[in-house]
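*Asks:* The structure's right below; bear with me while I get my questions together.
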Amino acid sequence: WDNADFSRGVGATFYQEFLTLNTAKPPFVRDVEAKVRRYLRSSYSAAWTLKITWEKAPAYAAWSDTRRTVTYQAVLTTDGFRSYVLMLYQEGGMQWDYTRLAATNVLIGYT
């Protein structure tokens, strides 16, 4: 894994919370529900969803290179009983230079 580094003023982080327990669901939440249903083959109706976006984030250490940036999202969602995380990456996946890392077995995901 690697760290995003915003210390040079390049890139930004945004979040948006969707409370949908007793309200109409915006298209983004309906899309998240459809993805959960499709990937897990189960019924799902979101009560709460949080979208976090890292836009044009440079990898650590930004002092050495701020040209290779990536935009990605984490979407956390729950129906109050089950919770899920969707990791969404820009077209082409993670664009950071992984050859600078000590480990060579690089994976994209979360733990």
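*Asks:* What nm distance separates the two modelled labels at TYR39 and LEU76, each placed 7 Å from Cα along Cα→Cβ?
*Replies:* 1.6 nm
*Asks:* Starting from the Kirkwood Rh over alpha-carbon pairs, what translational D in µm² s⁻¹ does the range 12-100 have by Stokes-Einstein at 25 °C and 0.890 mPa s?
*Replies:* The estimated diffusion coefficient comes to 168 µm²/s.
*Asks:* May I ask you to list the chymotrypsin sites (Phe, Trp or Tyr not before Pro) in the range 1-65 that are in a DSSP loop and have at most 12 other Cβ atoms within 10 Å of their Cβ?
*Replies:* TRP1, TRP63
Read-outs throughout are calculated quantities, based only on the coordinates presented, and are distinct from any laboratory measurement. Model, not experiment: these values are computed from the prediction. Note that each Cβ is placed from the backbone with ideal geometry, even for glycine, and that neighbours are counted across all protein chains shown.
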